[in-house]
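A.B. asks: After the structure tokens below, expect a handful of questions from me.
The values are calculated or read from the model by the stated rules, or taken from the named source; none is laboratory data. Please read all numbers here as calculations on a predicted model, not as lab measurements. We place every Cβ from the backbone using ideal geometry, glycine too, and count neighbours over all the protein chains shown. When the accessible area is computed, the model is the full protein with side chains, heavy atoms only, and any ligands, DNA or RNA have been set aside. Shrake-Rupley method; radii C 1.70, N 1.55, O 1.52, S 1.80 Å.
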Amino acid sequence: MEIREKAMDANAITRAYFDEILIEMRHMDAVTPDTTLTLYGETFRTPIMMAALSHIKGQGGKGDGMVEMAEGARLAGAVNWAGMGEESQFAAICEKNKRSIKIIKPYDDEDMVLRRIDQAEALGALAVGMDLDHSFGGNGKPDVVLGLPMRPRTQKDIESYVKRTKLPFIIKGVLSAVDARKCLDAGVQGIVVSHHHGILPTAVPPLMVLPEIARVIGGRIPIFVDCGVMNGTDAFKCLALGATAVSVGRPVMGPIQEKGPQGACEVIEAVTAELAGAMARTASPDIRHIDPSLLWRRSGTRLNA
């Protein structure tokens, strides 16, 4: 039974928080902005990434949308992420685009986890990681996703995964400075700040907690932001507050069904162009130098004050 009111929905709260933040313009000494992203030894044209989606339909409702998304990311010069799926699917994804990051569910079956970690390394993927926010269901019991039981993981478990692979190991579902510190202590090489599209009612918006997480991380590992990024100004706000790169998910799903890989590519390129426009009009030379003092609250105070 649904007992929550719509106003309590975490996604609506996240959208409202994005819209609460305003951007100051600066024109003196502005330059043509550079959107290049360097990540794990690879160079990408944009910090706008595909999200770690799962089970999406391909062009015309046929084919594998995950594989088409991977090809679209390659066309756009962007990082590709892949969520839940069979090992054969990730092999097909890497055939189209090896610069993909595999995110693994916290399966109760440890062999399933280890096989996927080993496969990502064998295929030469960009990185691998785990999505911890599906450890439990909304009833407080271990989650079950598509019939597969999940279970939580300890910091020691995460340390073992980090040591098992030569690939960077990433944790998705970090929404607190507490977990960010534990990720650092476990040797994790990247985190995704996310509430998994509102998996917890009234969850704090990723952008709200991002500055505190960024202070804990202190530039030692990449910080990725997921959830609610719809356009280039959303991405600009994430980068200004400490993100290394950002994911767009729902905006690419329809275009993939309409145009396949080209549809996904066009979304990434359009969001990147909007980001570049915001950077140019704020005298932000590149994605590593976006001044957080550019951001204001609607109340009339600077966000970082």
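So that you can scan it fast, the table gives a plain yes or no per residue for (1) part of a strand (DSSP E or B); (2) among the hydrophobic types (A, V, I, L, M, F, W, C); (3) within 20 Å of I223 (Cβ to Cβ):
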| residue | (1), (2), (3) |
| --- | --- |
| L114 | no, yes, no |
| D118 | no, no, no |
| P152 | no, no, no |
| S160 | no, no, no |
| I170 | yes, yes, yes |
| G173 | yes, no, yes |
| D179 | no, no, yes |
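A.B. asks: Run down K98, K102 and say which single residue is surrounded by 18 or more Cβ atoms within 10 Å (Cβ to Cβ) and either in contact (Cβ under 8 Å) with a residue 24 or more places away in the chain or assigned to a helix (DSSP H, G or I) (or both).
C.D. replies: Working: K98 fails: surrounded by 18 or more Cβ atoms within 10 Å (Cβ to Cβ).
One residue alone meets the criteria, K102.
A.B. asks: Out of the residues in the range 45-69 meeting the condition of being in contact with a helix residue (DSSP H, G or I) (Cβ under 6 Å, 6 or more places away or on another chain) and not in a helix (DSSP H, G or I), tell me which one is surrounded by the fewest Cβ atoms within 10 Å (Cβ to Cβ).
C.D. replies: The qualifying residue surrounded by the fewest Cβ atoms within 10 Å (Cβ to Cβ) is K57.
A.B. asks: Go through (1) among the β-branched types (V, I, T); (2) in a helix (DSSP H, G or I); (3) without any contact (Cβ under 8 Å) to a residue 60 or more places away in the chain for T233 and report which single condition fails.
C.D. replies: (3)
A.B. asks: Which members of the range 122-143 meet the condition of being touching a residue at least 24 places away in the same chain (Cβ under 8 Å), closer than 28 Å to V79 by Cβ and not in a loop (DSSP other than H, G, I, E, B)?
C.D. replies: A127, V128, G129, M130, D131, L132, D133, H134
A.B. asks: Restricting attention to the range 73-86, does a residue exist that is open to solvent by 10 Å² or more (accessible area, probe 1.4 Å), touching a residue at least 12 places away in the same chain (Cβ under 8 Å) and either of a type in the set (D, E) or part of a strand (DSSP E or B) (or both)?
C.D. replies: No, the conditions are met nowhere in the range 73-86.
A.B. asks: Separate question: For the range 264-290, how many residues are more than 18 Å from the chain's Cα centre (by Cα) and either among the β-branched types (V, I, T) or crowded, with 21+ Cβ neighbours inside 10 Å (or both)?
C.D. replies: Of the residues in that region, 5 qualify.
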